[in-house]
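K.L.:
Can you keep this structure in mind? I'll have questions shortly.
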Amino acid sequence: MVKEPIAVSFWDKERDCEYIFNTSGPFWHVYTDGHSSDMIFTCKEDMVMAMNIMGVCSTYFPDVGIYTFVLMNNHVHNIMSGRRERCEQFFEMVKGKLSRCFARNGKVVNLKDFNCQMIEITSLQSLRNEIAYVNRNGFVAISSCTPFSYPWGAGACFFNPFLGRLSSVRFDDLTIRERRRISHSSSLDFASGSLMVHDGVILPSSFCRIKEAEALFRNAHHYFQHLSRRFEAYSEIASRLHEKVFITDEEMYSAVCAICQKSYNVKHPGHLSAEKRVELARRMKFEYNASNRQIRNILKLDKTIVDELFPD
């Protein structure tokens with residue numbers, strides 16, 4: 001029988017989290033604008049290349065902490081700590097290497113709008129929300145993914161008991177040819193001692209501060225609560241970043257039921273009149289970026305009505 005660890009009081013754990021936040025910053029959300037950029041990473045090979053470039057570039061910036069990141073098809077998110085100018089320099093190195101690799105591979109990619117944008121994170125609660133927002137990006141955008149299965153970022157590393165069982169090899173133990181191929185560089189003069197490789201990909205757990213990021217949450221339950229139950233906070237973050245927020249069907253239904261209880265004093269939308277359901281559809285669309293499909297399925301509205309309300 002597995003025993004629970006000795007309990008630590010809520011306030012003691014919260015105080016420890018606050019101490020880590022106050023002594024490890026400043027923290028930044030470093031991202032690119034997905035609205036402005038064209039498609040950048042269009043295949044698995046592009047994603048692998050970007051993952052490896054992230055790992056290699058991290059070795060040049062030991063004073064910059066990468067707490068988590070995610071790669072999407074046309075934009076990226078990073079939660080980082082360190083001096084602002086150093087975080088910017090890290091990003092510019094990543095962008096420069098990506099540009100050279102795409103050119104070398106004969107792939108025409110427009111990185112003109114792939115530019116560094118930064119928002120300072122000024123409180124522990126905000127940092128928790130931002131970490132969860134980044135780690136949600138991949139798996140909520142792709143319905144077949146879970147928090148542990150979206151591969152292009154560091155989110156799968158968080159509170160993952162199987163991470164240590166993943167077969168990997170030290171980057172330095174690979175042949176020179178393999179190291180050059182993985183790093184996309186003929187020069188191997190970077191401090192690669194901590195980097196680990198699995199199936200040709202540098203593992204985020206070997207260059208991101210996963211344990212430190214986990215320690216910003218009181219425990220695993222606390223982290224997963226943020227990951228799955230704070231969609232209002234994610235809507236606010238998405239609005240600030242000028243992004244569309246992605247909410248799963250289950251989260252959307254929970255949000256709708258909460259609105260029903262608060263605004264209409266009923267438990268679920270099935271108790272609303274057709275007029276009230278149309279009113280609620282507008283809130284779903286403009287407050288939570290609900291898709292037409294989600295609105296139809298949750299509110300049981302006819303497709304023609306929903307498409308007339310929110311034409312593509």
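K.L.:
Label points 7 Å out from Cα along the Cβ direction at S254 and N115: separation in nm?
P.N.:
Distance between label points: 3.7 nm.
K.L.:
So, one more: With the contact rule set at Cα under 8 Å and sequence spacing of 6 or more, what percent relative contact order holds for the chain? Intermediate values should be presented prior to the final figure.
P.N.:
Values: 410 pairs, mean separation 60.0, N = 312.
Result for the chain is 19 percent.
K.L.:
Taking the Cβ of R104 as the centre, find all other residues whose Cβ is under 14 Å away and add up their charges (Lys, Arg: +1; Asp, Glu: -1). Can you show the working numbers first?
P.N.:
Details: positive: K97, R100, K107, R180, R181; negative: E45, D46.
Result for the local shell: +3.
K.L.:
In whole percent, what relative contact order does the stretch 171-231 give with Cα contacts below 8 Å and a gap of six or more residues? Please report the intermediate quantities before stating the final value.
P.N.:
Working: 32 pairs, mean separation 14.1, N = 61.
Reported relative contact order: 23 percent.
K.L.:
Could you tell me which of the pairs K112/K211; K13/K211; K44/K97; K44/K107; K13/K267; K267/K300 are separated by over 24 angstrom between their Cα atoms in the structure shown?
P.N.:
Values: K112/K211 35 Å; K13/K211 15 Å; K44/K97 17 Å; K44/K107 14 Å; K13/K267 36 Å; K267/K300 15 Å.
Table pairs above 24 Å Cα-Cα are K112/K211; K13/K267.
K.L.:
Charges on Cβ only, +1 for Lys and Arg, -1 for Asp and Glu, centred on the Cα centroid of the stretch 249-309; of F286, L301, S273, which one is farthest towards the dipole's positive end?
P.N.:
Going by the charge dipole, the pick is S273.
K.L.:
If you place +1 on the Cβ of every Lys and Arg, -1 on the Cβ of every Asp and Glu, and leave all else neutral, what size is the dipole of the stretch 249-309 about its Cα centre, to the nearest 20 Debye? Intermediate results must be reported in sequence, preceding the final value.
P.N.:
Numbers: 11 positive and 9 negative charges, 28 e Å.
Taking the Cα centre of the stretch 249-309 as origin, the dipole is about 140 debye.
K.L.:
Please get the size of the charge dipole for the stretch 51-101, origin at its Cα centre, with Cβ charges of +1 on Lys and Arg and -1 on Asp and Glu, quoted in debye to the nearest 20. Kindly include the intermediate steps, with their values, before the conclusion.
P.N.:
Working: 6 positive and 4 negative charges, 19 e Å.
Here the stretch 51-101 has a charge dipole of around 100 debye.
K.L.:
Okay, next question. About the Cα centre, and with charges only on the beta carbon of Lys, Arg (+1) and Asp, Glu (-1), how big is the dipole of the chain? Nearest 20 debye, please.
P.N.:
Details: 39 positive and 36 negative charges, 77 e Å.
Result for the chain is approximately 360 debye, rounded to the nearest 20.
K.L.:
Now for a separate question. Please give the peptides 71-78, 154-161 ranked by average Cβ packing (other Cβ atoms within 10 Å per residue), highest first, as a rough proxy for protection.
P.N.:
Values: 71-78: 22.0, 154-161: 20.0.
Sorting 71-78, 154-161 by mean packing, highest first, produces 71-78, 154-161.
K.L.:
Helix-only estimate, please: 222 nm mean residue ellipticity of the chain, summing -39500 (n - 2.57) across DSSP H runs of length 4 or more and dividing by its residues, to the nearest 500. Let's see the in-between values first.
P.N.:
Details: 12 runs with 143 residues, N = 312.
Result for the chain, helices only: -14000 deg cm²/dmol.
K.L.:
Same structure again: Going by alpha carbons, how many degrees (0 to 90, nearest 10) lie between the helix axis of 220-229 and the longest principal axis of the chain?
P.N.:
Here the helix axis deviates by roughly 50 degrees.
K.L.:
Take the chain, connect every pair of alpha-carbon atoms lying under 10 Å apart with a spring to form a Gaussian network, then pick out the residue of V169, V201, V134 with the largest mean-square fluctuation.
P.N.:
Among V169, V201, V134, the largest GNM mean-square fluctuation belongs to V169.
K.L.:
Once mean projected area of the Cα convex hull in nm² is worked out from the coordinates, which option in [x] 16.8; [y] 19.5; [z] 17.6 does it equal?
P.N.:
Among [x] 16.8; [y] 19.5; [z] 17.6, the one calculated here is [y].
K.L.:
Given an 8 Å cut-off on Cα distances and at least 6 residues of separation, report the relative contact order of the stretch 249-309 as a percent. Walk me through the intermediate numbers first.
P.N.:
Numbers: 39 pairs, mean separation 16.7, N = 61.
Contact order relative to length: 27 percent.
A short reminder: the numbers here are calculations on the coordinates, not readings from a lab. This structure is a prediction, so every number in the text was calculated from the model and none was measured. Ideal geometry is used to build each Cβ from the backbone, glycine not excepted, and the neighbour counts take in all protein chains shown.
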